[in-house]
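For reference, the structure discussed in these notes is given below.
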Amino acid sequence: MQPLDLRVAIYRLYRLRKQVAVAALLPLPAFVLALFAGLPVHIWMVPVWYLLVLAHVVRFPQAWVDLLAMALALALVLFMAPLGVLAGIGAPLGYGLAAVTGFGLWLYLCNRIHALEKFAWPQQELRLHRKTRLPAATLRDALFLRPNAQVGLNRCGPANEHGVFQIVSTGAAGMPSLNTIDGLSEDARGMDIDADLQNGLFRFWATVIRSEPDYQETMYITEPDGEEASVETTIQTLTETASGTIYQKQETATGMGLVSGFGFWLNDVDRDHFTATIDHVTGARSRAVRAAPHDTPLILLAQRLTRKRLARLHEA
C-alpha cells in the first residue's frame, strides 16, 4: 500500500463528507440522553468519537459499512447503559462490559447490514455536472465507450451482432482476501472471494445507442443472461468552453440492491469515478476512493490473528 499523502487524505474527507456526517451524528441522540440521565459519560467523548470517524474515513475509505455498524453499535450501547446502572454495576466494570457488548454488536451489525442487499433500492435519476480544464477531445477519448478500445479506465471488447460488448473496468484497488497471508500456499490464497474482485476488475456489458462528437447515449447491463440484471441508461454530453470543458451525465439506474444504492449515494460514487478518470488521463496519482485498498478493520484483525496462528503452527 502506498503511503498516504495530505492531498489524498483531504480528498477522502471531502468526497466522503456524507459518510462522516452520518457516522458522527448517529450516536449523538443516545449520548445526549445518557448525559442528561446522569450516566457516566463525558463531553470529551464526543470529539474523541468525531476524531475516530475522521481517522476511519481516511484510513479505511472503502469500509463504510464497518463505520456505520460501529456508529449504530455505539448508539445501542448508550441506549442500554441505564440497564447497567439499575443493576448496580460500577463504572470500571461497566466500561468493560460496554466495550465487550459494543464489539459484539459491531460484528453482528456488519453482517446484518450486508444482508439488506437482497432488498431493492428505488430507481434513481442521477445527474453529474463537472467542469475541467481538459479539452473535450481528451474527455471524449476517456469517457465515450467504443468497442475494441481502451477508454480511460475501461477496457472494451468486441461487439456482437447486437452491438453489445463487454467492458472490464480497471483502476480500482484489489479486494484483499482473508487468505492472502504470508505462510499460505499459492493454491490456498484468495479462495474466499471472486478473482476479479481480488484484482480490482469489474465486468459489465454495454451497447451504444447513439454517439456523436459531443454526445453519447449508452445502455449498461451488469448481467446480460441473469434474471436480476441491473440496467442503466446513460447520456453523456461535452460542452467546450474558453477555459476547458463542461461534462454532464444523466443516468437512470435500476435493479440496485439496498446496500449498494445507499452506498452509491453515501460515498458520492459518480463524482469519485470522474475524479479517477481525470487523474488517470493527467497521469496523476489517483485520489479516488475506488483506487483505495478494500481493507477493513475486520479484515486486518482477521489477518493478524491468522498470522499469529500460523506462527505458532510453524514453531510447533
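The values are calculated or read from the model by the stated rules, or taken from the named source; none is laboratory data. Fair warning: this is a prediction, and the values are worked out from it, not measured in the lab. Note that we place each Cβ from the backbone using ideal geometry, even for glycine, and neighbour counts take in every protein chain shown.
Go through segment 229-275 and report how many residues are closer than 24 Å to residue 12 by Cα, touching a Lys or Arg at 6+ places or on another chain (Cβ under 7 Å) and of a type in the set (Ser, Thr, Tyr).
Count: 2.
What residue, among those in segment 96-126 that are within 21 Å of residue 35 (Cβ to Cβ) and either surrounded by 13 or more Cβ atoms within 10 Å (Cβ to Cβ) or of a type in the set (S, T, N, Q) (or both), is modelled with the highest pLDDT? Don't jump to the end; show me each part of the working.
Step one: list which residues in segment 96-126 are within 21 Å of residue 35 (Cβ to Cβ), which gives 96-99, 101-102, 105.
Narrowing further to those that are either surrounded by 13 or more Cβ atoms within 10 Å (Cβ to Cβ) or of a type in the set (S, T, N, Q) (or both): 97-98, 101-102, 105.
Numbers: 97: 79, 98: 79, 101: 89, 102: 89, 105: 93.
Per the stated criteria, the residue is 105.
When you go through 69, 75 one by one, which is the residue that is among the hydrophobic types (A, V, I, L, M, F, W, C), in contact with a Cys (Cβ under 6 Å, 6 or more places away or on another chain) and assigned to a helix (DSSP H, G or I)?
Values: 75 fails: in contact with a Cys (Cβ under 6 Å, 6 or more places away or on another chain).
Checking each option against the conditions leaves just 69.
Is it the case that residue 218 is surrounded by 16 or more Cβ atoms within 10 Å (Cβ to Cβ), modelled with pLDDT under 50 and farther than 26 Å from residue 118 by Cβ?
Details: surrounded by 16 or more Cβ atoms within 10 Å (Cβ to Cβ): yes; modelled with pLDDT under 50: no; farther than 26 Å from residue 118 by Cβ: yes.
It is false that residue 218 is surrounded by 16 or more Cβ atoms within 10 Å (Cβ to Cβ), modelled with pLDDT under 50 and farther than 26 Å from residue 118 by Cβ.
In segment 32-49, what residues are surrounded by 14 or more Cβ atoms within 10 Å (Cβ to Cβ) and without any contact (Cβ under 8 Å) to a residue 40 or more places away in the chain?
35, 45, 46, 49
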